[in-house]
1. Explain nothing, just the number: relative contact order of segment 1-137, from Cα pairs under 8 Å at least 6 residues apart, as a whole percent.
2. Would you work out the relative contact order for the chain, in percent, from Cα pairs under 8 angstrom that are 6 or more residues apart?
3. Give the percent of DSSP beta bridges with both residues in the chain that are antiparallel, rounded to the nearest 5.
4. What does the highest-first list of 51-59, 319-327, 109-117, 167-175 look like by mean Cβ count within 10 Å?
5. What would the Debye formula give as log10 I(q)/I(0) at q = 0.12, 0.14 Å⁻¹ for the alpha-carbon point model of the chain, no solvent?
6. Accessible area per residue, 1.4 Å probe, Å², for segment 127-190: what's the number?
7. At a 1.4 Å probe radius, carbon and sulfur cover how many percent of the accessible area of segment 233-319?
8. For K122, list the lysines whose Cα falls under 19 Å from its own Cα; do not include residues on the same chain fewer than 8 positions away.
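The values are calculated or read from the model by the stated rules, or taken from the named source; none is laboratory data. Source: prediction; values computed, not measured. Glycine gets a Cβ as well: all are built from the backbone with ideal geometry, and neighbour counts include every protein chain shown. Keep in mind that these areas ignore ligands, DNA and RNA; they rest on the heavy atoms of the full protein, side chains included. Shrake-Rupley method; radii C 1.70, N 1.55, O 1.52, S 1.80 Å.
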Amino acid sequence: MKSILVTGGCGFIGTNFIRFLFDLPDEHFIVVNVDKLTYAANPENLADISHKYSDRYFFEKADICDFPKISNLIDKYEVDTIIHFAAESHVDRSIVGPSDFIRTNVFGTFTLLEVVRQRIEKGKSIRFHHVSTDEVYGSLGPTGYFYESSPYNPRSPYSASKAASDHLVRSYFATYGIPITISICSNNYGPYQFPEKLIPLMILSMLEGKELPVYGDGKNIRDWLYVMDHCSAVWLILNKGKIGETYNIGGENEWENIRLVEYLCELVARRTNVPSNRYKSLIRFVMDRPGHDRRYAINCDKIKTELGWKPTVIFEKGLEMTVDWYLNNLDWLNKVRSGEYIKWIEINYGNRL
Ligand code: NAD
Ligand code: DAU
């Protein structure tokens, strides 16, 4: 039986990934979710999994920068696979306060690698999959794509910290032979995303009648991928990917921000029986994000041709599912913003904090 340690499993992608794992047919593994529970985390996301698979799912509140704790957990659960999602993930926050980003994204990744190195030196193999972002490649003009061979050119403290962690991971493969793979993904969307990111922020603001802030001229472009398609790609890389390799993952789905926000206005309007112009009238062009990358576009031919992956969720359909999820989970939205989920953590995990 595999013993998989997932870092950051109470965040957006980590939650979806753990749900994806427990939906797989005929798989037998244990999953250890290691999460520090920052503002972006909500362990309640996995309450049903925790209940249903109490013999195979374990939550451990821990900081990935804590070497002794992580080391103990690796031994306690006889971990043979690490899938590393934990990070400070929001670009705007990294501009206001970069230090947590350097600590968790760089030092945290380094700490995990050191724990693995110690085991490798004792003859124990631990597979390490590192989840990274297309932001490491920098900003594109109107044409062209990011390839796995594209040079790194990070332009925010967030992307610089992710780039540093990617380099560390590759160096531990070259130097110590740690069996690593890296995936580099474009913008994810879907359920459980913290409402500071564009799509959930816009949905929530519409529902509350608040202004919809669009940075700059709104013509920045992002390549959107449904989160479960990201999860299936990571799982495939883990099972069939070549050790030491990096795989781009993208939606082949470029949208200008303003077009996306207007489209969301129409979608939420249909679902809430409100004229779409009421939501569109809330759009405000606001001061641009410093260093705002103009365009991201991922070429993911490598994972498609070598591993047979492809995105399956059409954007318009995925957005509908996402809007519906948020509309049906207003409680979740209110909890993650109000701090009520922090109380839930104390009640449910109080004796382990
Ligand atoms: P998120 O902010 O929603 O979740 C991050 C999780 O990591 C949270 O649960 C948080 O509590 C945990 N965490 C933070 N610091 C920690 C620490 N020191 N120790 C243990 N846990 C800690 O992030 P996300 O959007 O789910 O992103 C997950 C990963 O995917 C990140 O590495 C991010 O860089 C990468 N990524 C995200 C996207 C995207 O569109 N969201 C795209 C490409 C890559
Ligand atoms: O590309 C992958 C990255 O996607 C991940 O590595 C990051 O963790 C994730 O946060 C995301 O980064 P972005 O900066 O692209 O996502 P965000 O949702 O913050 O912004 C998406 C676009 O929308 C970006 O061009 C900035 C713009 N924006 C964002 C917000 C929050 C606005 O115009 N208004 C807003 O209020």
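1. Details: 200 pairs, mean separation 37.7, N = 137.
Once divided by the residue count of segment 1-137, the mean separation gives 27 percent.
2. On the way: 623 pairs, mean separation 62.7, N = 353.
The normalised contact order for the chain reaches 18 percent.
3. Details: 3 of 41 bridges.
Rounded to the nearest five, the antiparallel share is 5 percent.
4. On the way: 51-59: 14.1, 319-327: 17.6, 109-117: 22.1, 167-175: 16.0.
Descending packing order for the listed peptides: 109-117, 319-327, 167-175, 51-59.
5. For the requested q values the scattering log ratios are -0.88, -1.22.
6. Numbers: 2200 Å² over 64 residues.
Ligands and nucleic acids excluded, the result is 34 Å² per residue.
7. Values: 2060 of 4230 Å².
The nonpolar share, carbon plus sulfur, comes to 49 percent.
8. K69, K76
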